[in-house]
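For reference, the structure is listed below as structure tokens.
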Amino acid sequence: MLKNEPEITPELVKAHGLKPDEYDRFVALIGRTPTITELGIVSAMWNEHCSYKSSKIHLKKLPTKGPRVVYGPGENAGVVDIGDGQVCAFKMESHNHPSYIEPYQGATTGVGGILRDVFTMGARPIACLNALRFGEPDHPKTKHLVSGVVAGIGGYGNSFGVPTVAGQVGFHPRYNGNILVNAMAVGIAKREHIFTSQASGVGMPIVYLGSKTGRDGIHGATMASAEFDDNSEEKRPTVQVGDPFAEKLLLEASLEIMQKGCVIAIQDMGAAGLTCSAVEMGAKGDLGVELNLDMVPCREPGMTAYEMMLSESQERMLMVLHPEKEAEAEAIFRKWGLDFAVIGHTTDTLRFVIKHKGEVMADLPIKELGDEAPEYDRPWVEPQKRLAIRRDDVKPPVSNREALLKLIGSPDMCSKRWVWEQYDHLILGNTVQQPGGDAAIVRVEDGPKGLAVTCDVTPRYVEADPFEGGKQAVAECWRNLCAVGSEPIALTDNLNFGNPERPEIMGQFVLAVRGIGEASKALDFPVVSGNVSLYNETNGQGILPTPTIGGVGLLKDVEKHATLSFKKTGDAILLIGETKGWMGASAYLATVCGREEGAPPPVDLEVEKRHGTLVRGLIEEGHVTAVHDLSDGGLAVALAEMAMAGGIGAEIQDFEPEMPKHALFFGEDQARYIITCDGVTAARMERHFNDAGIPAKFIGVVCGEELKLPGEAPVSIAELKSAHETWMPGFMAQAAE
């Protein structure tokens, strides 16, 4: 044992998040009792957050290849070809636990981390998105958490200089003790300028770049792999502190030395900091790594090897450089005012060796740290099937007019303008479609090409039926991209679930992943990156299963895109897709009737593909004036959103007289779109589509300043806007009192 080393006791092992059998596995691997630094290293490498030990066996079944895929899962971000020698790099990650403990810094460093994942690949970030889930509005912590998270996202993204263009915000009691903060970033690069984390060559310098190392974030990855309890506030020191201005400098310096040909391999210091980045770079290249921690730039005196290896201080990179380019790279980083230190080199030993103050603090087999990590096929059970709810068995408690106003003014479905107006969504000057539509659109450089981006999931569907809910999350993401006229090309995911050691939770995960896989395969929409966040529980109460799907679509010409706003009085309104009035697990049932029950709507992936492809073609050919997909709240909510966005009303005819009106207006049947166009075109389309077996129905006309639904008193656009726009600012104004 090294001098001044603590004794490795069962209590110390448990505090590091290792099960007794996992610790025994590690001891057998190295053939001796580990040092405290080695225990810290393996606790980081073998925790859920870094090793995916509960999920890896299922993630391997996802479709990850396609004609556009350059790099799939396994790198810092997925990379897809977008033509003209350009690629798009993107990924989504969670910062759930840190954001609950310290909402501002947790959200801030979540954004910073995902931005680094993208520019580590050599791509310049051009857009950010986020998906946020909070507890019930009346919970005493909710307002504080909303305020801090939104401020943190805006504070980092705005200062760094990348537009935040799209997202989701939802509320539910199941997130009371464990909120979700999922951040996504999208970047652009030349195909030949993409870099990976695979080291190569023996004796190559390993260089530490960026900000100095402190004690913030130690055990952050381990904390992210544990469920919460009443003492979770005490974990505040494990939340990192971000500096967006330092990250902006790191971006520019990193891209510059990449363009100068200095870099062999590069890895962001994210979860588990120096440990994970060094091990991954060496192991991927079948090389050993030797580090001298005396050379690590520290901002706090007296840091131990253990602290330096596990610190998650932000805005740091690790690179393997071409030796002859070392001086040039250092000059570039010094120019940008950032630390540059050679802290080690690659070896041919396949060992991970850590030295500090003349002593060897760790000497471990580098490949086995990853390859020998536990991989569990955890027991799981299929959740009990919910029965479908007949539409006639749902008795409307209020008028359909009142139900519409209640839905569009509810916490989940109200305008989130209060949120996104705190984000700079116009910086860089390439945002073509701002937040609030089906998908945001960002121009690629000077155009005409563009990318559409969105993130989607309906947790109540996944709770009701994880398989169908997983399918629907992918299908809705795909629909939103189609609705603006883009070709969906690839997706990333953020799989947020409870404790995988509970068979019912593991069952939710397994079935949701199967649903995601089936949908992505059927829609030619491969999964190129992602993140798994488990143990999202507090005192045994798990979150709603929330597999967030982030999608990217390609537009050949951003001028040929669609928006959801009504444009012209006299336009015909067509409904594409079949309406059966599905009420199970619907927003109407939950919000208006107070019933969270019933099976979710089934998703027919062949129909989704056929209808989405049709809508994209109509947009590209210039036949339509507005497009909106139908999702939460069904037809009536979609029409209200189109009317509010365009400032023009609509008169809807009774096109399904035999169907109960609440089911017609608020049913959530899938694969449906509303499109508007001139009357002559509408008549021709209706005949043509129906002859081709695609349900298309004329349902009304764009006109006036009211939304007129059959059998209901008209509701003015002003009244719709008042209901839609007031909840969120009113809620947050109460928070400030």
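The values are calculated or read from the model by the stated rules, or taken from the named source; none is laboratory data. Bear in mind the structure is a predicted one, so any value in this text is a computation, not a measurement. Backbone-built Cβ (ideal geometry, glycine too); neighbour counts: all protein chains shown. These accessible areas exclude ligands, DNA and RNA; they are computed on the full protein's heavy atoms, side chains included. Shrake-Rupley method; radii C 1.70, N 1.55, O 1.52, S 1.80 Å.
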Take SER716 and decide whether it is out of contact with any His (no Cβ under 6 Å at 6 or more places or on another chain), within 15 Å of LEU405 (Cβ to Cβ) and open to solvent by 60 Å² or more (accessible area, probe 1.4 Å). no
When (1) farther than 30 Å from THR64 by Cα; (2) of a type in the set (Asp, Glu); (3) open to solvent by less than 10 Å² (accessible area, probe 1.4 Å) are applied to GLU608, the one that fails is (1)
If we scan region 283-292, do we find a residue that is under 30 Å from ILE153 (Cβ atoms) and of a type in the set (Lys, Arg)? no
Which numbered condition trips up PHE352, out of (1) in contact with a strand residue (DSSP E or B) (Cβ under 8 Å, 6 or more places away or on another chain); (2) surrounded by fewer than 19 Cβ atoms within 10 Å (Cβ to Cβ)? (2)
Being touching a residue at least 12 places away in the same chain (Cβ under 8 Å), in contact with a strand residue (DSSP E or B) (Cβ under 7 Å, 6 or more places away or on another chain), more than 30 Å from GLY622 (Cα to Cα) and surrounded by 22 or more Cβ atoms within 10 Å (Cβ to Cβ), is that true of even one residue in region 517-526? no
Here are some residues: VAL453, VAL398, VAL442, VAL432. Which one is more than 20 Å from the chain's Cα centre (by Cα) and assigned to a strand (DSSP E or B)? VAL432
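Hey, can you tell me all the residues within region 679-706 that are part of a helix (DSSP H, G or I) and touching a strand residue (DSSP E or B) at 6+ places or on another chain (Cβ under 7 Å)?
Within region 679-706, the subset part of a helix (DSSP H, G or I) is 679-691.
Scanning region 679-706 gives GLY679, ALA682, MET685, GLU686, PHE689, ASN690.
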Note: among THR676, THR681, just one is buried (at least 24 other Cβ atoms within 10 Å of the Cβ) and in contact (Cβ under 8 Å) with a residue 12 or more places away in the chain, namely THR676
Looking at (1) closer than 23 Å to PRO173 by Cβ; (2) crowded, with 18+ Cβ neighbours inside 10 Å; (3) of a type outside the set (Asp, Glu), which one does PRO435 not meet, given that it meets all the others? (1)
Filter result for the condition that a residue is open to solvent by 10 Å² or more (accessible area, probe 1.4 Å) and on the phi < 0 side of the Ramachandran plot, over SER565, SER586: SER565
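Just for region 494-504: of the residues that are open to solvent by 10 Å² or more (accessible area, probe 1.4 Å) and touching a strand residue (DSSP E or B) at 6+ places or on another chain (Cβ under 8 Å), which one is nearest to VAL624 (Cα to Cα)? Please lay out each step first, then the result.
Quick first cut of region 494-504, residues open to solvent by 10 Å² or more (accessible area, probe 1.4 Å) only: 499, 501-504.
Next, from what is left, pick out any that are touching a strand residue (DSSP E or B) at 6+ places or on another chain (Cβ under 8 Å): 499, 502.
Working: ASN499: 47, ARG502: 49 Å.
Only one residue tops the list, namely ASN499.
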In region 326-340, how many residues are surrounded by 15 or more Cβ atoms within 10 Å (Cβ to Cβ) and among the aliphatic types (A, V, I, L, M)? 3
Take the conditions under 19 Å from MET319 (Cα atoms) and either surrounded by 16 or more Cβ atoms within 10 Å (Cβ to Cβ) or not aliphatic (A, V, I, L, M) (or both) and apply them to ILE389. Does it pass? no
Tabulated pairs, region 4-24, first closer than 19 Å to TYR376 by Cα, second in a loop (DSSP other than H, G, I, E, B), C-beta under 7 angstrom, 6+ apart or interchain: GLY17/ASN47; GLY17/SER225; GLY17/ALA226; LEU18/TRP46; GLU22/TRP46; GLU22/PRO374
Among the residues of region 366-373, are any in a loop (DSSP other than H, G, I, E, B), surrounded by 16 or more Cβ atoms within 10 Å (Cβ to Cβ) and not acidic (Asp, Glu)? yes
Could you list, in sequence order, all residues of region 294-316 that are surrounded by fewer than 23 Cβ atoms within 10 Å (Cβ to Cβ) and in contact with a strand residue (DSSP E or B) (Cβ under 6 Å, 6 or more places away or on another chain)? MET295, VAL296, PRO297, CYS298
